[in-house]
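One structure below.
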Amino acid sequence: MMFLVTFATVVITTLGSEEPASELVEMVSGHAAMETCHSLIEDAEGIRREGYTAIDKADLIREQAYRVKEEAFEIKEEAYEVKLSSMEARSELENSLVEAMVFIKNQATATSLYVQEIRDSLVSLNNRLDKVEQNIEEKLEEQSARVTQVGTKVEETQLTAETIKSRQQAWISEIRLISLYKVTGANNERDSSDLVVDGQFIHDKHSITGMNTYFHSGTSGTDNKIWIELGGVFMIHKVKIMNIRFCCQERLVGAQIYADEKLIGTVIETKKFYEFFASEDDQPTYASEITLHQPLARLLHILELQVWGKGPFSPEDKF
């Protein structure tokens, strides 16, 4: 047994020193020893191979350990970077929170000031409203008194207006001369057409040069006309024509009188005076212009042309 142990030790040592195995064989004698030696050599070779395999596995495990270590270091570095980022983010968050708190505090302070100003303004506004309300009450009292006075004045004015209206109605209902000094015109004039509305008809002939008071047309052509503009709408009662007195009164025969477009009379005979009634009770005649028209080829001359009527009236207020 000791021999086997010693032999195994020698074999292992020899294998470790890589010396030739033949030297060990020389040291063993006998057939059994040789078999045992060969068996041990094979066992040693197997152990050696297993050792190399274990070494390879150890190297592989060591390489894996190095890789794991490197990965661990990388993870550690990443964790450190994450930690730094977290710390920076935390610091930024803390700074932001601090700034937000400062801003909120400042806003709260400013809001408190604004609220106080608003309260003061409301108090001032309330006082002003009280004064305004008082002034309004005073003004209302004054206005009420004024309204009472105005009502009295309105009643007085209404009475005055009714009085004036009644006087105007009485005035416009009076038949009077409405052609005196009104605007006139003629289409063929020798002596002024204004002479027929001047109210002067005492001179019947040329006793003194230039003192004639009658109208005379320029020529004896047809359609000689003279007209009076009344200056408003009047209810025409009658038109009066004063013929010249010293000669040629027959020249007026054939002349026609118009109230605006309405024919109200025609001269059919020789006379000193003519009266043509224009209105009847059931059918009044309204006009703003009176025209004397001679359609025949004769001179037109008259001493006076008078229009009698009442008014004036508004075109929408005829009665």
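The condition of being more than 20 Å from Lys310 (Cα to Cα) and modelled with pLDDT of 95 or more holds for only one of Val253, Val239, that being Val253. Quick test for you: out of Glu88, Glu70, Glu63, pick the one residue that is open to solvent by 100 Å² or more (accessible area, probe 1.4 Å), over 60 Å from the mean Cα position of the chain (by Cα) and modelled with pLDDT of 80 or more. Result: Glu70 is the single residue among Glu88, Glu70, Glu63 that is open to solvent by 100 Å² or more (accessible area, probe 1.4 Å), over 60 Å from the mean Cα position of the chain (by Cα) and modelled with pLDDT of 80 or more. Scanning the range 224-236 for residues that are modelled with pLDDT of 95 or more and open to solvent by 50 Å² or more (accessible area, probe 1.4 Å) turns up Lys225, Trp227, Glu229.
Residues of the range 271-299 that are of a type in the set (S, T, N, Q) and either under 18 Å from Ser179 (Cα atoms) or touching a residue at least 24 places away in the same chain (Cβ under 8 Å) (or both): Ser279, Thr285, Ser288, Thr291, Gln294. Of the residues Gly254, Gly231, the single one that is touching a residue at least 12 places away in the same chain (Cβ under 8 Å) and part of a strand (DSSP E or B) is Gly231.
Checking the stated criteria, Gly309 turns out not to satisfy the condition of being within 30 Å of Lys165 (Cβ to Cβ), open to solvent by 70 Å² or more (accessible area, probe 1.4 Å), out of contact with any helix residue (DSSP H, G or I) (no Cβ under 7 Å at 6 or more places or on another chain) and not in a loop (DSSP other than H, G, I, E, B).
The rows are residues; the columns are (1) modelled with pLDDT of 85 or more; (2) of a type outside the set (Lys, Arg); (3) open to solvent by 80 Å² or more (accessible area, probe 1.4 Å).
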site	(1), (2), (3)
Ala110	yes, yes, no
Tyr114	no, yes, yes
Ser121	yes, yes, no
Glu133	yes, yes, yes
Ile136	yes, yes, yes
Leu140	yes, yes, yes
Gln143	yes, yes, yes
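The values are calculated or read from the model by the stated rules, or taken from the named source; none is laboratory data. Keep in mind the model is a prediction, meaning the values are calculated, not measured. No Cβ is skipped: glycine too gets one built from the backbone with ideal geometry, and neighbour counts run over all protein chains shown. Ligands, DNA and RNA are stripped out before the accessible areas are found, and what is left, the full protein with its side chains, is counted by its heavy atoms. Shrake-Rupley method; radii C 1.70, N 1.55, O 1.52, S 1.80 Å.
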